[in-house]
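Trainee: Before I ask anything, let me first share the structure, which is written out below as structure tokens.
Values in this text are rule-based calculations from the coordinates and carry no lab data. Predicted model only: the values in this text are computed from it and were never measured. Backbone-built Cβ (ideal geometry, glycine too); neighbour counts: all protein chains shown.
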Amino acid sequence: MKIIKKENLSSSFFAYQESPDEKMVKKILSDVKNEGDQAVIRYTEKFDLVKLSGLKVPAPEIAKAQEKVSPLFMQSCKQAVENIRTFASQQLSQVSDFELEVSPGVLVGQRVIPIPRVGVYVPGGSFPLVSSLLMGAVPAIVAGVEKIIICSPPTFNGGIHPAILAAANLLEIEEVYQIGGVQAIGAMAYGTESVPAVDKIVGPGNKFVTQAKKHVYGQVGIDLLAGPTEVMIIADDSGNPEIIAADILSQAEHDPEAIAVLITDSLKLGRKVKREVQNQLDELSTARIARESLDKNGLIIIVQNLKEAVEIANKKAPEHLELQVEEPEAISGALKNFGSLFIGHLTCEVLGDYTSGLNHTLPTNTTARYSGGLNVLDFVKLPTTLKVSQQGFDEIGPAAATLAEIEGLTGHQKAVLRRR
């Protein structure tokens, strides 16, 4: 990690990073759209080195997956599910159906309707990202989504890791497909002989999955375009170098492109954290990835005071923002741009990843400037209704006709006037 002063930060640190368009992504999506299962099977063999005889995981295999994982894992899953469910339920309670008389005889309304079909993408890779399944599926269940399917690559002995299947079984999700990558996104967006088309796709993935989601947007809804994960930690002299270093490494181990940043008004603390990061690196099985991430993107930024730290955080809009300061409440209210805020020395970002109830699918790459993370409201739509009586029509009709006339839309104007 490099230690630099605030004034030496380059403008690129705050800039949105464009992702290059991958031509292969368009080709794969086109083939899946036109060839269905055949293309999915072909690309799965090419990229995952697995020749599939079928795309859907048989129901008995899902049901028996629990026997292949530990009781402690299942207990931890259940705890995470309960907290995610509780948080999502509270979010959903903030919106409701209503009807309101805005003028005499003019009734406007809102309805809360679940999205009918949702696909949850669960990365496989080196390890099963069970938490991504929970974060995508549980809010959808709370929202009342009728049909939920899961796609995850067959990267565990030619199939999906039992932990992912056991979690799906816990949630009573019966449709699980052993496909990943761009072909999975295409299958969920367009539908194939085996995979039903969905209305919205959620869940993180690598840069190719992200590009695929970007290309199918419009055909289906998506949650967000997630880039490499980020953590920013604001700390003062009260910060514990061991804890801060551990939190930095917990993000850096995700991806060589991950971004971990410490901002502190204490050069002494910054130097201690840098040494501690090096000490703890050797303890990690993921040390190679974490080291590459920190060499490329790791920064310790020295500021004059915490006010400057807040300014940097608001401008950078990090995915995860931790406050490891003596009086976090003194600055938390001034922080406006972040995916999730973690307040206090005990509040590690990892708790947000797994068991706190917060959703860990969050905006990255400065997009927390205008958006929040995945939440239960992503799984409902809020269509509106209008009902007018004669009194109401007389109240608002003339103004509507006048506005239509000034816009040159005489058809709009006459649609009002013919009702008078």
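Trainee: Starting from the alpha-carbon convex hull of the stretch 23-222, give the projected area averaged over all orientations, in nm².
Mentor: The directionally averaged projection comes out at 12.9 nm².
Trainee: Right, next: Roughly what % antiparallel, to the nearest 5, for the DSSP beta bridges in the chain?
Mentor: Roughly 25 percent of the beta bridges in the chain run antiparallel, per DSSP.
Trainee: Using a Gaussian network model of the chain whose springs link C-alpha atoms within less than 10 Å, name the residue from 176, 231, 50 with the highest mean-square fluctuation.
Mentor: Maximum fluctuation in the GNM of the chain, among the listed residues, is at 50.
Trainee: Within the stretch 1-98, list the trypsin sites (Lys or Arg not before Pro) lying in a DSSP loop whose Cβ has at most 14 other Cβ atoms in a 10 Å radius.
Mentor: Numbers: sites: 2, 5, 6, 23, 26, 27, 33, 42, 46, 51, 56, 64, 68, 78, 85; in loops: 51.
Loop-located and lightly packed - 51.
Trainee: Then there's this: Compute the distribution of all C-alpha to C-alpha distances in the stretch 323-377, in bins of 10 Å from 0, and list the percent of pairs in each, rounded to whole numbers.
Mentor: The calculated distribution, bin by bin, is 23, 48, 28, 1.
Trainee: Something else now. Roughly what would the spin-label model give for residue 35 and residue 268, points 7 Å off Cα along C-beta, in nm?
Mentor: Once both label points are built, they end up 6.5 nm from each other.
Trainee: Using modelled backbone amide H atoms (1.01 Å from N, in-plane), which distant-in-sequence or interchain residues come within less than 5 Å of residue 364's amide H?
Mentor: Distant-sequence amide H within range of residue 364: 227.
Trainee: Label the chain by shape, choosing from rounded, prolate and oblate, from the square roots a ≥ b ≥ c of the eigenvalues of the Cα gyration tensor; if a/c is under 1.5 it is rounded, and otherwise prolate applies when a/b is larger than b/c, oblate when it is not.
Mentor: It is oblate, given that a/c is not under 1.5 and a/b is not larger than b/c.
Trainee: Per DSSP H run of at least 4 residues, take -39500 (n - 2.57); add these up for the chain, divide by its residues and hand me the 222 nm value, nearest 500 deg cm²/dmol.
Mentor: -13000 deg cm²/dmol, from helical runs alone.
Trainee: Using amide H atoms built 1.01 Å from N in the peptide plane, name the residues 5+ places from residue 156, or on other chains, whose amide H lies under 5 Å from its own.
Mentor: Those qualifying (amide H under 5 Å, at least 5 residues apart or on another chain) are 161.
Trainee: How large is log10 of I(q)/I(0) for the stretch 188-241 at q = 0.28, 0.29, 0.31 Å⁻¹ when the intensity is taken from the Debye formula with one equal scatterer per alpha-carbon?
Mentor: Taking Cα atoms of the stretch 188-241 as identical point scatterers yields -1.11, -1.15, -1.23.
Trainee: Continuing with the same structure: Taking R0 as 51 Å, what's the FRET efficiency between residue 96 and residue 68 from their Cβ-Cβ distance, rounded to 0.05?
Mentor: Result of the calculation: an efficiency of 0.75.
Trainee: Let me ask something else. Under a plain spin-label model, where a point goes 7 Å from the Cα along Cα-to-Cβ, how far apart in nm are residue 400 and residue 193?
Mentor: 5.1
Trainee: Calculate the spin-label point distance for residue 127 paired with residue 146, positioning each point 7 Å from the Cα along the beta-carbon direction, and give it in nanometres.
Mentor: 3.9
Trainee: I'd like the Kirkwood hydrodynamic radius of the stretch 227-372, using the inverse of the mean 1/r over distinct C-alpha pairs, in Å.
Mentor: Computed over Cα pairs of the stretch 227-372, the Kirkwood hydrodynamic radius comes out at 14.9 Å.
Trainee: Still on this model: For the chain, which longest stretch is free of loop sites, where a loop site is one of the chymotrypsin sites (Phe, Trp or Tyr not before Pro) that DSSP puts outside H, G, I, E and B and that has at most 14 other Cβ atoms within 10 Å? Working shown, then result.
Mentor: Working: sites that count: 16, 370.
So the longest stretch without any such site is 17-369.
Trainee: With contacts defined as alpha carbon pairs under 8 Å and 6 or more residues apart, what's the relative contact order of the chain in percent?
Mentor: Reported relative contact order: 21 percent.
Trainee: Considering the chain as a Gaussian network with a 10 Å cut-off on Cα pairs, which listed residue, 226, 184, 400, attains the greatest mean-square fluctuation?
Mentor: 400
Trainee: Given a Förster distance of 25 Å, report the FRET efficiency between residue 11 and residue 225 from their Cβ-Cβ distance, rounded to the nearest 0.05.
Mentor: 0.65
Trainee: Please list, by residue number, every one of the GluC sites (Glu not before Pro) in the stretch 37-122 that is coil in DSSP and has at most 16 other beta-carbon atoms within 10 Å.
Mentor: Nothing satisfies the criteria.
Trainee: Take the alpha carbon atoms of the stretch 234-298, find their radius of gyration, then divide it by 2.2 N^0.38 Å using N residues; give the quotient.
Mentor: For the stretch 234-298, the normalised Cα radius of gyration comes out at 1.03.
Trainee: Here is a follow-up. Given 10 °C and 1.306 mPa s, compute D for the stretch 43-93 with the Stokes-Einstein relation, Rh being the Kirkwood radius over Cα pairs; round to the nearest whole µm²/s.
Mentor: Using the Kirkwood radius from Cα pairs, D works out to 112 µm²/s.
Trainee: Beyond 19 Å, what share of the Cα-Cα pairs of the stretch 1-59 remains, rounded to the nearest whole percent?
Mentor: In whole percent, the long-distance tail amounts to 57.
Trainee: Follow-up. Which residue fluctuates most in the GNM of the chain (Cα springs below 10 Å): 390, 304, 251?
Mentor: 390
Trainee: Okay, next question. Can you work out the FRET efficiency for the pair residue 417 and residue 110, with r the C-beta to C-beta distance and R0 = 30 Å, to the nearest 0.05?
Mentor: In this case the efficiency is close to 0.55.
Trainee: Loop-only check: which GluC sites (Glu not before Pro) in the stretch 147-183 are DSSP coil with at most 11 other Cβ within 10 angstrom?
Mentor: Of the GluC sites (Glu not before Pro), the ones in loops of the stretch 147-183 whose Cβ has at most 11 other Cβ atoms within 10 Å are 172.
Trainee: Tell me which residues come under 5 Å, amide H to amide H, from residue 179 once H is placed; ignore anything under 5 positions away on its chain.
Mentor: Counting only residues 5 or more places away or on other chains, the set is 152.
Trainee: Moving on to the next point. What is the Å³ per residue value for the convex hull set by the Cα atoms of the stretch 1-127?
Mentor: Output value, Cα hull per residue: 346 Å³.
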